[in-house]
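Notes to accompany the following structure.
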Amino acid sequence: MVLIFDSGDARLNAAVRGWLERDKNPVTYKEVEDAINNSRWTTLRKTMLQRQKFGTAGLRGPMGAGYMCMNDVVVLQTAQGLCSYVQKVCNQKQLQNGVVVGFDGRYNSRRFAELTAKVFVSAKIPVHFFSEVCPTPLVSFATIMYGAAAGVMVTASHNPKGDNGYKVYWSNGSQVTTPHDDNIIEEIWTCLEIPDEHWKIDGIRSHDLVKDCLEEVTTKYMEYIRSSLSEELLEQNRKAEVRTVYSAMHGVGYDFIVKAFEAANLKAPLSVIEQQDPNPNFPTVKFPNPEEKECLDLSLKLAHDNGVKLVLVNDPDADRLAVAEYDDEFKSWKVFTGNEMGSLLGWWLLQQHCANGSAVGEDEVFMIASYVSSKMLRAIAKGKAQLVETLTGFKWMGNVTLLLLQQGKMPLFAFEEAIGYMCSHKVPDKDGVSAAVHVATLASSLYSKGSSLLNQLQALYAEYGYHICYNSYFAFDDSSAIQKIFSRIRNFNGPGQYPTKVGPVEILSIKDFAAGVTVPDDGNNSSGHLGSVGTGLDGDYTCGEMVALQCAGGLRAVVRTSGTELKVKYYTELVRRAPRRSEQEAIKIEFEKIVKDFIQELIQPAAVGLLWI
C-alpha cells in the first residue's frame with residue numbers, strides 16, 4: 001500500500017518516501033507509518049533529514065527509524081558504502097583477506113552484523129565472522145591478524161540500552177579517521193539503494209565466504225596476552241594468587257577475562273553472577289557505564305562479603321575498565337579515575353620497559369593521551385619518554401600509535417580519562433581485557449611488597465605533584481543549548497570578545513578549536529615529535545565544539561561536546577605539592593567548589609536549561 005501524505009515540507013516528503021521505499025523491516029516501517037498518521041513531522045525532521053557521521057567512536061545512536069538512528073536501512077547503507085570504498089582503495093590482497101565482523105550483546109547487534117556480512121559476501125569479499133559476542137578490541141586485533149581490508153564492530157559500548165552503534169576499523173586495525181571516515185560517508189550517498197538480496201540473511205553464517213573466526217582469534221589473542229608479560233611477571237602472578245572480583249556489566253567480557261587471566265597465570269576472578277552474562281536490558285543498572293559509581297555497587301558488595309581487595313569492571317563491550325581497591329587505612333573503597341589509573345599503568349609499563357633493558361628516551365619511547373586527560377603522565381615520562389596528545393577518542397590515539405611504529409619508535413601506552421587504556425600497540429585501540437590483566441599484574445607486584453595501588457599512586461603524587469582533576473558533564477535534549485553555551489564564551493566581553501576573567505579567575509589564554517581561534521595567538525600549534533600530524537590537532541576541528549582555557553594559578557579547563565551522547569563535558573586540572581592525604585582532601589574540596597563556580601559563570605548552565613550532574 002502506498003501511503004499518501006504531505007508534511008508541508010517537500011524535502012521531508014522526499015526523504016520519508018525514500019525511506020518507505022527502502023525499508024523492509026516491519027517494525028521500523030510501522031514506526032514511520034505511525035508518525036505520518038499522527039503528523040509527527042518534527043520527529044521525522046530530526047530523524048530523516050540528517051545522517052549520522054563518524055564521531056569519536058563511529059556511528060552511535062538510538063535504535064529506531066530514520067537516518068539519524070540505528071536500524072537495518074542505515075546499517076545496510078553504511079555497509080554498502082564501506083564495501084564500495086574498500087573496493088576502490090584497498091589492494092587485491094587486502095580484499096582477498098576479507099573483512100572482520102563482530103558484535104556485542106545488545107538488541108539487534110547480531111542482526112546488524114549479519115546484514116553487514118551479507119553485503120560483503122554479495123560483493124565476493126570474504127568475511128571473518130565472530131559467531132558469538134566478542135569484546136570490541138578483538139575486532140581490532142583480528143583485522144591486523146588477518147591483514148583484512150577493514151573491520152566492523154556492532155556496539156554502542158556503555159550507552160543506554162536503547163542505543164546501538166557501528167564502529168569501523170581500517171586495515172591497520174585502528175578506527176577510521178580523516179580522510180577515510182569522510183570518504184566512507186560520501187560513498188554511502190552513492191549506495192543508498194538496497195538490493196533485495198542484501199535483506200536475505202537466513203543461513204548467512206553457513207555461506208562459503210563466511211568463516212567463523214571466534215576460536216582462532218581468541219587463541220591468538222590469549223597468546224598475545226601471555227607474551228606481553230615477562231617470565232618474571234608470569235611467575236610473580238602465579239605465586240601471588242591475588243584475588244579479584246570481576247563484573248562484565250551484562251556485557252561480553254566474562255569468558256575472555258577468565259581466559260586472559262589463565263594465560264597470565266592470574267587467579268581466576270570471582271564473578272558478579274547477576275552481571276556475568278550478556279543482557280541487553282542491563283537490569284541491575286540505570287546506565288551500563290562503569291564510570292557511574294552505582295554500577296560498581298554489586299561488585300563492591302561481593303568483594304566486601306568475600307574479603308577481596310581488588311575490583312575490576314568492564315563496560316558491556318569490554319574495551320574500558322573501572323578499578324577499585326579497598327583502602328585499609330580509611331576502611332573504604334577507592335574507585336580510581338581514568339586519569340589516576342592511566343598514570344599508574346603508564347608508570348608501570350614504563351618501569352617494565354626500562355627493566356627489560358630496552359631503549360629509553362624522549363626520541364625513542366612515546367606515551368599517548370587525549371587532550372582532555374591529565375598531564376601527570378607527562379611528568380612521569382619526562383626524560384624517559386615523550387607524551388603526545390591527540391583529540392579525544394582512541395581513533396586518534398590508535399592512528400598515532402601506528403604512525404610512531406612506522407617511524408621506528410616505541411608507542412608504549414595510551415590512555416584517555418574515560419577509563420580507556422591501550423597497553424600494547426598490538427591492539428591500537430582501548431582494550432579492557434588486556435588492561436585488566438596489567439592492573440592485576442601490577443597489583444600482584446605491589447601486594448607482594450606490602451604496598452597497594454593507592455600507596456603507589458601516593459608515591460607518584462609525592463614525586464611528581466598532586467594532580468587534582470575534576471570532570472563532569474551536563475546532559476541536554478535540545479541541541480540549541482550548545483550554540484548558546486559556546487556563543488556566550490565567544491562573546492563573553494562583547495561581540496567577538498573571549499573572557500579575560502571568569503569570576504575571580506584570570507584567563508591567560510584560550511584555544512577555541514571549532515572556530516580555529518587562539519587568544520593570544522602565539523603561533524605555536526605543535527604537538528611534540530609528530531608536529532601534530534595524525535593527532536587530530538593538525539586540521540579543522542569538526543567534532544562539535546571544544547574550548548580550552550589556561551588560567552592563572554595553574555588551573556586548566558576544557559569544555560567540549562560529546563561525540564557519542566547529548567552532553568556538554570568539562571575537564572579541569574590543577575597541580576599542587578601535597579604529600580599528605582589530609583592535605584589532598586582539603587585541596588580537592590576547595591578545588592571542586594572553585595570549578596563549579598568557574599563553570600557556572602563561564603557557561604551559565606541554568607540559563608540554557610542544563611542541570612548539574
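Sort 111-117, 82-88, 487-493 for me by packing, meaning the mean count of neighbouring Cβ atoms within 10 Å per residue, highest on top.
111-117, 82-88, 487-493
Beyond 23 Å, what share of the Cα-Cα pairs of segment 84-182 remains, rounded to the nearest whole percent?
So the pairs more than 23 Å apart make up 19 percent of the total in segment 84-182.
Cross-link partners among aspartates and glutamates for Lys286, C-alpha distance below 20 Å, same-chain residues fewer than 8 apart left out?
Straight-distance partners of Lys286: Asp104, Asp163, Glu274, Asp277, Glu294, Asp297, Asp315, Asp317, Asp319, Asp477, Glu565.
Non-local amide H neighbours of Phe103 (under 5 Å, H modeled in plane, Pro and chain starts lacking H): which ones?
Result for Phe103 returns Cys134, Val154.
Over segment 570-613, average the accessible area per residue using a 1.4 Å probe and give it in Å², no decimals.
Solvent-accessible surface per residue comes out at 58 Å².
Determine the relative contact order of the chain: mean sequence separation of Cα pairs under 8 Å and six or more apart, normalised by residue count, in whole percent.
11
Give me the 1.4 Å probe accessible area per residue for segment 320-441, excluding ligands and nucleic acids, in Å².
So segment 320-441 comes to 28 Å² accessible per residue, rounded to a whole number.
Starting from the Cα of Lys124, draw a straight line to each of the aspartates and glutamates and keep only those under 14 Å, dropping any in the same chain fewer than 8 residues away.
Glu197, Asp208
Roll a 1.4 angstrom probe over the protein heavy atoms and tell me the percent of accessible area of the chain that is carbon or sulfur.
50
Within the chain, what percent of beta bridges assigned by DSSP are antiparallel, to the nearest 5?
Here the share of antiparallel DSSP bridges comes out near 65 percent.
By Kyte-Doolittle mean hydropathy of at least -1.0 and Cα axial length of at least 30 Å, which whole DSSP H helices of the chain are selected?
Both cut-offs are met by 581-603.
Sequence neighbours fewer than 8 away in the same chain don't count; with that in mind, list the lysines whose C-alpha is under 19 Å from Lys449.
Lys239, Lys267, Lys309
In square angstrom, rounded to the nearest 10, how much accessible surface does Glu241 have for a 1.4 Å probe?
110
Pop a pseudo-label 7 angstrom from the Cα along the beta-carbon direction at both Thr190 and Val517 and give the gap in nm to one decimal.
3.9
Beyond 23 Å between alpha-carbons counts as too far, so tell me which of Lys293/Lys596; Lys382/Lys569; Lys426/Lys567; Lys382/Lys409; Lys167/Lys334 fall in that bin.
Violating the 23 Å Cα-Cα cut-off are Lys382/Lys569; Lys426/Lys567; Lys167/Lys334.
Protein chains only, probe 1.4 Å: how do Glu223, Glu187, Glu292, Glu21 rank by accessible area, largest first?
Greatest to least solvent exposure: Glu21, Glu223, Glu292, Glu187.
Return the label of the correct value of semi-axes √(5λ) of the Cα gyration tensor in Å, as calculated from the structure shown, out of (1) 42, 30, 24; (2) 38, 31, 23; (3) 49, 31, 24.
(2)
If you roll a 1.4 Å probe over the heavy atoms of the protein chains, what accessible area per residue do you get for segment 132-207, in Å²?
I get 34 Å² per residue for segment 132-207.
The values are calculated or read from the model by the stated rules, or taken from the named source; none is laboratory data. Because the structure is predicted, anything quoted here is derived from the model rather than measured. Cβ sites come from the backbone with ideal geometry, for glycine too, and all protein chains shown count toward neighbours. SASA here: full protein model, heavy atoms, side chains in, ligands and nucleic acids out. Shrake-Rupley method; radii C 1.70, N 1.55, O 1.52, S 1.80 Å.
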